[in-house]
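Please read the structure below before turning to the comments.
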Amino acid sequence: MPIYLDCNATTPVEPAVAKLAARFLEQDYGNPASPIHDYGLFARAAVEHARAQIARVVEARPDEVIFTSGATEANNLAILGLAQSALAEGKRHVITTAIEHKAVLEPFEALERLGFEVEILPAGADGRFDPHQLAAALRPDTALVSTMQVNNETGSVQPLAEVANVLAQHPAWWHVDAAQGFGKELEQLRQKRIDLLSISGHKIYAPKGVGALIARKRAANLPPLQPLMFGGGQEQGLRPGTLPVPLIVGLGDAAKLALREHAQRQERCRAFRVQVLAALARLGAIQNGAEAHCLPHVINVSIPGIPSDQAIHALKEVIAISSTSACTSHTRTPSHVLAAMGVSFEQAESSLRLSWCHLTPAVDWERVIDILQQLRQA
Amino acid sequence: MNTLFKELEEATLEQYIHGELPQWLADPVLEVARNPQQYAEKEYQVEMLLAQVLEYDVYAEAGCCKWAYDHEDIKRTLRWLNEAQKGSKGA
């Protein structure tokens, strides 16, 4: 099997997390909504323990953690869930950025259909939006600002501390899609001005199918979210449905490990990055996004003269990587993120995303270089 | 692993001597903390027990929402640990 270098798409499950999740599939399989016997009581205790483990990572309160099926659902709940209260207050202006994931951009399109005025901030060549442009865009009727923490395609860490300053005196709700940074860049998400945070389990070595919306209280009240689904009172009435205890326990344990092993994981990723950068330099690769703002486990590059789909195919026996150009054979539409950064169509078409983790084994970089050099000469 | 049990012992003594953890609850928790070999395979529940002891509060359920752990939580985790110990629900 090739070495997996697509950890921004999904991470492997940490073995200890998988073992714990399996235990809640096979043995402690109670329903936390049935705390009338030990099976239900233990399941409820496990869910509450996970809630506390997750809250600890961002210095939130456990009762501010609302479990969802993943970051996409959390984003939808945050963005669409605030629409009703915004309309009731007569606020119809909302702001996001051009480099957001579709799980944010498409709910914003839904807001537009509801009558909201959507303003989309551009990004620079460094892969980041400009907080000054946010300051200029804010209006008294701005109801919501949604900005990601780390871009999924480039790994660029966004200027959240500056956004917090911009929003310090403005009442707009601030949502941060932290799917790619939760548990990896710790300090930013502890910023108390952030009202809503979306996180995903399968980006931090937990199973797929679980995530959370962390909704920080203002003056002891949760943001005025309305549920998007109905049929039960779980998760404070905001997300009905039987809680998937094995997945939630897995997410909690993964959050615990992200905190406990943060320094070691970062160190391993940085050491791996040195090898990646050295190999890519020999190929004349151009980095998309500024290295200074990039998390250590991911890089987006364009390799001149080598279309990304050909590179991915040629390397498939050695490393498993992805293209961020999002090209399809019939549309040839480049990545909206790279386009927003001003990357040319040609450069976007040769872009590759390599993303690794602390579990990634060594790669034969000489072989990678040979294959790509032969491809370029062909 | 040993660090976890040491932390549990220290936290329990702290809450017993300087906090409000009653002796009838501190004793069985210390029993767990001082027998790491017996509970070596139960790291998950021991971690949960540690969190509950660290955030123990007699009035955890008294407000509009639960914001700490009370004696019922600790009793339940001890029961869980010992059920698993007996093998009836496995590890």
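The values are calculated or read from the model by the stated rules, or taken from the named source; none is laboratory data. Here the structure is a predicted model, which means the values were calculated and not measured. Don't worry about glycine lacking a Cβ; one is built from the backbone with ideal geometry, like all the others, and counts go over all protein chains shown. Calculation scope for accessible area: heavy atoms of the full protein, side chains included, ligands and nucleic acids excluded. Shrake-Rupley method; radii C 1.70, N 1.55, O 1.52, S 1.80 Å.
Results, tabulated for the structure shown:
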| read-out | value |
| --- | --- |
| Chain A, relative contact order [Cα under 8 Å, separation at least 6], % | 23 percent |
| In Hz, Karplus ³J(HN,Hα) per residue of region A:134-147 (6.51, -1.76, 1.60; θ = phi - 60°; x = Gly, Pro) | 5, 4, 6, 7, 4, 9, x, 9, 6, 8, 8, 10, 10, 9 |
| Positions from region B:68-82 whose accessible area shrinks by 40 Å² or more when the full protein complex is built, not the chain alone, probe 1.4 Å | B:69, B:76, B:79, B:80 |
| With every protein chain in place, region A:240-284: carbon and sulfur % of accessible area (1.4 Å) | 59 percent |
| Cubic angstrom per residue, convex hull over Cα atoms of region A:15-259 | 114 Å³ |
| Estimated FRET transfer efficiency when R0 is 35 angstrom, pair residue A:359-residue A:33 (beta carbons, to 0.05) | 0.50 |
| Linear extension gain, residue A:165 paired with residue A:61, 0.36 nm per residue minus alpha-carbon span | 35.2 nm |
| Range in chain A, longest, excluding exposed chymotrypsin sites (Phe, Trp or Tyr not before Pro) [loop by DSSP; at most 14 other beta-carbon atoms within 10 Å] | A:30-229 |
| Total lysine pairs whose alpha carbons fall under 30 Å of each other in region A:15-259 (8 or more apart, or interchain) | 27 |
| Relative packing of B:33-44, A:186-197, which averages over residues the other C-beta atoms within 10 Å, highest first | A:186-197, B:33-44 |
| Chain-alone versus full-assembly comparison, region B:9-57, residues with accessible loss of at least 30 Å² (1.4 Å probe) | B:44, B:47, B:48 |
| Antiparallel content of DSSP bridges confined to region A:15-259, in %, to 5 | 45 percent |
| Summed buried accessible surface, chains A and B, 1.4 Å probe, nearest 100 Å² | 1700 Å² |
| Listing of region A:38-56 residues, each with accessible area lower by at least 20 Å² in the full protein assembly than in the chain alone (probe 1.4 Å) | A:38, A:39, A:41, A:42, A:45, A:49, A:56 |
| Residues in region A:57-96 reached by a label modelled at residue A:259 [backbone nitrogen below 11 Å; 7 Å Cα→Cβ] | A:57-62 |
| Residue-normalised accessible area of the protein assembly as shown, expressed per residue, 1.4 Å probe, Å² | 42 Å² |
| For region A:128-155 versus region A:8-38, the gap between their alpha-carbon centres in whole angstrom | 36 Å |
| Whole-number percent relative contact order across region A:217-319, with pairs defined as alpha carbons under 8 Å at least 6 apart | 14 percent |
| Alpha carbon convex hull of the protein assembly as shown, volume per residue in cubic angstrom | 161 Å³ |
| Chain A: DSSP helices with Cα axial extent of at least 15 Å and average Kyte-Doolittle hydropathy no lower than 0.5 | A:15-26, A:245-260 |
| By accessible area with a 1.4 Å probe, ligands and nucleic acids excluded, highest first: order of A:291, B:14, A:317, A:235 | A:317, B:14, A:291, A:235 |
